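Input: a single structure, listed below in structure tokens.
The values are calculated or read from the model by the stated rules, or taken from the named source; none is laboratory data. None of the values given here were measured: they were computed from a predicted structure. Glycine also receives a Cβ, built like all others from the backbone with ideal geometry; neighbour counts cover every protein chain displayed. Ligands, DNA and RNA are stripped out before the accessible areas are found, and what is left, the full protein with its side chains, is counted by its heavy atoms. Shrake-Rupley method; radii C 1.70, N 1.55, O 1.52, S 1.80 Å.
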Amino acid sequence: MKSQGIDQVAIEIALGALEELELPSLTWGFVDSYVSEEQFIDQISKSFDRYDVGTDPEDVIAELEERHLVRYWLSEDERCYRSRFAELVRLLSRSRQLFDGRPWRSSPTLVSDYRLDISPRRYPKRDISLDDGKAEIASSGAAFSKMQEAIWASVPAAGGMASLSRFQVDAFKRIFPAPQDCGTIITAGTGSGKTLSFYLPALLNVSERVRAGEFFTKVLSLYPRNELLKDQLTEVYKLVRSANPGLKAAGKGN
């Protein structure tokens, strides 16, 4: 299966469908269970019918795999799936204390018991079109060059966003053009688009500073943990590569 650049809403619904299947087993402490591909496709189809989503479930699963939002493997010629949430519960429940000179298999577990409380995902509405967002930014005095307009049109699409949320537009207006002597804090739920809120205005600014034969640091991104950095690297690389057509048209891409 090959990723098709699935909309984020479909991704969220599919993840919710997988976690809905996993919840009964996790609640009873069966953390090593998994969902078959057939079960997964069927559950996604039911969820898509409920929310009137016309995306192919198999394409969504391919996108989940590509983004590493699910754990998957083959077991007796059957493709198996587990959400990152279920995998986290499994790892936490299986973690053991380590003592010098004592085999870890016979050591007591760190977690004696657990209770699960799962709530539906809630995300900011994406009800601002890219054109309206650009017009709002322009009205605040930040004009786009032709190259920046091309990047603005292509980068959100690479991130699976056909429209923007209010917090994203507000962040863009504050970060682009780059402010002087001030900081910006962006807070939103996982998967709501915080990454794009920073990297899109950053790419717009960097695009005007790219010069042939000149190499210097233009943007510095700091992450508190290596695992978070690894998780973000693929997504950010895809966003950066999607800006290349606009750079090429201006004689700056490669």
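Here are a few things to note about the model shown:
- Residue match in the stretch 46-58 (condition: at pLDDT 90 or above, open to solvent by less than 40 Å² (accessible area, probe 1.4 Å) and touching a Gly at 6+ places or on another chain (Cβ under 8 Å)): yes
- Residues in the stretch 83-109 that are of a type outside the set (A, V, I, L, M, F, W, C) and not in a helix (DSSP H, G or I): 11 in all.
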